[in-house]
Amino acid sequence: MNRRDFLKMGATGLALASLPGWANIANPERRLVIFFLEGGLDGLSTIVPKLEGRLESFREELMPDNLLDLSSHWALHPAMRATHQLMLQQDVLGIHATSFPYTKRSHFEGQNLIQGGGLAPFSESTGWVGRALDIASNGGRAMSLDTPLLLRGTTGVDNYYPAHVNGSSNPTTRLLEMLHGSLSPEWQTENDKLMARLNGRVFNSRDRSPRGLSEEAGKALARPDGPVAAMIRLGGYDTHAGQGGKNPGRLFSLTGELDTCISTLRKNLGDAWDNTTFITLTEFGRTVKVNGSSGTEHGYGTAMLVGGGAVNGGAVLADWPGLAKSDQFERRDLMATIDSRSICAAVLEHTFGLEHAEIAERVFFTPNLPRLTDRIYL
Amino acid sequence: MRALMVAGLALLLTACQGNPTVSGGAGSGSNTAKKVDGAYPAGVKRYEVSADLKKPKMTMAQAAAEKEAAATARNIERNKQLAEDSAQAALHYTQENGIFNWKHSGGAFNGEALGSREDLNIPGGGGYKLEVAGKFDRWDINARLRSIDFGVLTDKSSMIVAHLNKGGDYKDLQPSLRVWDKALSTCRSTLPYVFGDLYLVMRTTNPKVAAMQVCLYEESKTDPFLAAFMTGGEALDEFVGNNGLDISLN
């Protein structure tokens, strides 16, 4: 199996991050969900810039019919009906021509960088969400070794990552019960949480489909004592061939799957949706021009979705760079004019009650990172 | 000349600064630097969803309350409409256990079956048809009888569709068709209909359909042929039943 085949497999996964019982966080009811779109999302076909007259000339066969109109300037991919409704209800915001500042077009470097949030790929052993949780909670402890980089903190947080281990679906809690009496009160709280989890009250599903994981994430995050952050990994966005356009192709299935995940998450969060923010992340966008296999190559600028009850949705945020050859990044990609880290910083500021300056300095190591919080939240 | 050279050198240095080679970090990439150097937020524009598409933003609780209020309003309106339709239907239907039965009978139909039952091949549904030839008073008709599951439109309904015989007195029946078309329009019929077809709903569980049939009857009873068709409907139904046809829908 080669690298590309591996990426095509589209492995899905869910990771939940909780704060320890003694953590004192500013807004403990707020939640964060990250849909991690592995492979490089084609932002130009997801949030279609109708304002850009040149787009069709570069990729006519990739232009979907029956676009879901947002305005005279923008439209959503036809597979994203639920998300479209949420945009009309002002709960979802589109961000366009955005990217992490990474331009080398390598999946593994890019995925590492957008999870690590550092200044270069593989420069950080912790993730930007994990570091923010560390700052917000003054530390916790790690409960799983296979936690995605994104959620890893320097001192660790209470993480959960479902794994295929024989017998793991029916573990005994006897040992934990025996330990309970000998633990200090705060560790008893953690012990209780672990027992609850093992008893299946937190995560009790064998359904590892993206929809199933979104359902579990929604239910878990909706609990008052539930996790504060979740990462749902969706794969397969590396659409080199058969991306689809006039005829439904791979991107139709992928965006449809994301759409289902978003609506499922919202449904299962219930009232907690009002205190939850979700974002989509992907390592890079794709080329403006269609390739010879009815697909697109690795690119740079892409699109993001930010949603939730507190999000000032119902719009697309963009500093549109244009698609003239001279406006394209390296004359082939959509230019990124919004640093995705600014979006992530805004989400951390809102969700965990941190100061933007602290996030810029200690989470993203970029003191002059622009602040966009007021553009994203009400 | 020296000033020009200095300016050119400065320009070159500026261009080099804007083209870092290290991947990652703010400002990597040739054109990226000028865009993500901290100055861009002023250029970020908020493109609102069109006002005619935009819906009010609500909390989940508000959305749930609005959904419940809308459902309640819909139920009230539906019950009111059902009561009105039932009252209208009662003019010419007898109602028993939620089934409306057409109560006119002139005993005016005589005829015979033509051929055997034929499947209608309705996608996702069921149904069949069989033609009968007969007479209403002095009029010859071909009655094309259909058994169709109309789903939510009519719930369970038994309907007779009659296609006018193009021979004989067909020309004389043109005025009747015009009256029928006008009645269909007035009563806002949504039932399947093509030019030359008449239909009579004999039994239905849907009061809206029954009310519409009563409307059609009232709007067309001044026409002698249509009046004979309607009042003879039960006889036609009996004829069909006597020929071993089941036109009840389920």
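Here are a few things to note about the model shown:
- Heavy-atom accessible area, 1.4 Å probe, ligands and nucleic acids excluded: residues of the range A:329-355 down by at least 30 Å² from chain alone: A:F329, A:M335, A:T337, A:D339
- Relative packing of peptides B:93-101, A:122-130, A:30-38, A:281-289 - highest average C-beta neighbours within 10 Å first: A:281-289, A:30-38, A:122-130, B:93-101
- Computed from the C-beta positions of A:S293 and B:Q62 and an R0 of 45 Å, the FRET efficiency is 0.40 to the nearest 0.05.
- The range A:225-304, accessible area per residue, ligands and nucleic acids excluded (1.4 Å, Å²): 27
- Summarising the amide proton neighbourhood of A:V228: residues at separation of 5 or more, or on other chains, whose placed amide H is nearer than 5 Å comprise A:A17, A:S18, A:L19.
- A/B buried area, accessible surface, summed, 1.4 Å probe, Å²: 3500
- Across peptide B:221-233, the average count of Cβ atoms from other chains found within 10 Å of a residue's Cβ is 0.
- Complex-versus-alone comparison for the range A:50-89, residues with a loss of 10 Å² or more in accessible area, probe 1.4 Å: A:L51, A:D69, A:L70, A:S71, A:H73, A:W74, A:Q85, A:L88, A:Q89
- In this structure, the amide hydrogen of B:L114, modeled 1.01 Å from its nitrogen in the peptide plane, lies closer than 5 angstrom to those of B:E131, B:V132, B:A133, counting only residues at least 5 positions away or on a different chain.
- Segments A:224-235, A:353-364, A:39-50 sorted - mean Cβ within 10 Å per residue, highest first: A:39-50, A:224-235, A:353-364
- The alpha carbon centroids of the range A:86-120 and the range A:338-354 are separated by 12 Å.
The values are calculated or read from the model by the stated rules, or taken from the named source; none is laboratory data. What you see is a predicted model; the values in this text were computed from it and never measured. Backbone-built Cβ (ideal geometry, glycine too); neighbour counts: all protein chains shown. Just the protein is used for accessible areas: all its heavy atoms, side chains included, with ligands, DNA and RNA removed. Shrake-Rupley method; radii C 1.70, N 1.55, O 1.52, S 1.80 Å.
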